[in-house]
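Trainee: Below is one structure. I have some questions about it.
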Amino acid sequence: MKDFLITTTHQLEGYIITQYLDIVFEESIFGISISTGIKGISDMFAGWTGERLHAISDRIEEVKNEIKEALINKAVRLGADALIGVDVETTRNLNDGTIGVSMSGTAVRVVKAIAK
């Protein structure tokens, strides 16, 4: 996976897209609990003061990385060596205390462009 390319744009500079394989999706929904939301004493009051909740932010970052890896694995199984147009969305549902993270992109095959 070291040589796998991923971008939010719809092209890869220095590469030619030779085949569009499919759109791939991955998502995760997780609940926010006291243990998820509070990493230390400062996090207990951060929500009320408008400060960053480090424990929740860190968990979202972990989930994004897990989803990214799963998305790349799906693309590789299709025969892709790149993902283009990658979009990441994070949503929260205040009614049930969940956070959703989703990621999608187009799996493609590419070749390195020859410099002129």
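Trainee: Report the residue count in region 62-98 for those that are farther than 15 Å from E26 by Cβ, in contact (Cβ under 8 Å) with a residue 24 or more places away in the chain and of a type in the set (A, V, I, L, M).
Mentor: 2
Trainee: What is the residue count in region 82-113 for residues that are small (G, A, S), in a strand (DSSP E or B) and more than 30 Å from G14 (Cβ to Cβ)?
Mentor: If we filter region 82-113 for residues that are small (G, A, S), which is where we start, we get 82, 85, 97, 100, 102, 104-105, 107, 113.
Next, only the ones that are in a strand (DSSP E or B) stay: 82, 85, 100, 102, 104-105, 107.
From what is left, the residues that are more than 30 Å from G14 (Cβ to Cβ) are 100.
Adding up the residues that qualify gives 1.
Values in this text are rule-based calculations from the coordinates and carry no lab data. Because the structure is predicted, anything quoted here is derived from the model rather than measured. Because the Cβ atoms are built from the backbone with ideal geometry, glycine has one as well, and the counts that use them run over all protein chains shown.
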